[in-house]
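What follows is calculated from the coordinates using simple rules that are stated; it is not laboratory data. Every value quoted in this text rests on a predicted model; they were computed, and no experiment measured them. Note that we place each Cβ from the backbone using ideal geometry, even for glycine, and neighbour counts take in every protein chain shown.
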Amino acid sequence: MTETDSLLQFEQLISNHDFVLAYFSHDSCNVCHVLLPKIKELIQNDFPNIKLIHCNTERAAKVAAQNSIFTVPSILIFINGKESYRFSRNISLSEFSQTIARPYHLIFD
């Protein structure tokens with residue numbers, strides 16, 4: 001997982017990878033801290049070709065603003081450089097996994 005607070009680096013990561021998951025969190029968000037390891041494990045086990053990016057909204061305010069992040073946790077999925085899916089607040093891991101499975105397998109299988 002790549003940690004970034006730079007808008008330039010964020011944009012470069014999006015443009016240089018076919019499938020990117022950007023996880024936005026905040027230090028004071030308990031749900032963010034509980035969900036992040038579960039997302040990491042899911043991606044590593046089921047979707048290993050997805051590039052993971054983590055943005056702390058306190059340190060990456062410009063990145064959060066550019067991506068219209070108003071609540072945390074928020075997960076943005078970028079496919080071929082374009083935002084394709086957005087999940088916020090109460091995120092079901094099974095629904096999340098089902099949603100990204102089809103485009104993932106179309107790209108990497």
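Structure summary
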{"item": "Point-charge dipole on Cβ atoms (K/R +1, D/E -1) for the chain, about Cα centre, debye to 20", "result": "160"}
{"item": "Quarter of the Cα convex hull surface for the stretch 2-108, i.e. its orientation-mean projected area (nm²)", "result": "5.9"}
{"item": "Within straight-line cross-link reach of Lys40, lysines at Cα separation under 19 Å, skipping those fewer than 8 residues along the same chain", "result": "Lys51"}
{"item": "Global geometry of the stretch 2-43, whether rounded, prolate or oblate, following the gyration tensor of its Cα atoms and the 1.5 cut on a/c", "result": "oblate"}
{"item": "Expected 222 nm ellipticity per residue - DSSP helices of 4 or more, -39500 (n - 2.57), all of the chain, to 500", "result": "-14000 deg cm²/dmol"}
{"item": "Percent of beta bridges antiparallel (DSSP, the chain, rounded to nearest 5)", "result": "60"}
{"item": "Across the chain: Cys residues that no other cysteine approaches within a C-beta distance under 4.7 Å", "result": "Cys55"}
{"item": "Gyration tensor (alpha-carbon) shape descriptor, the stretch 70-109, a/c threshold 1.5", "result": "oblate"}
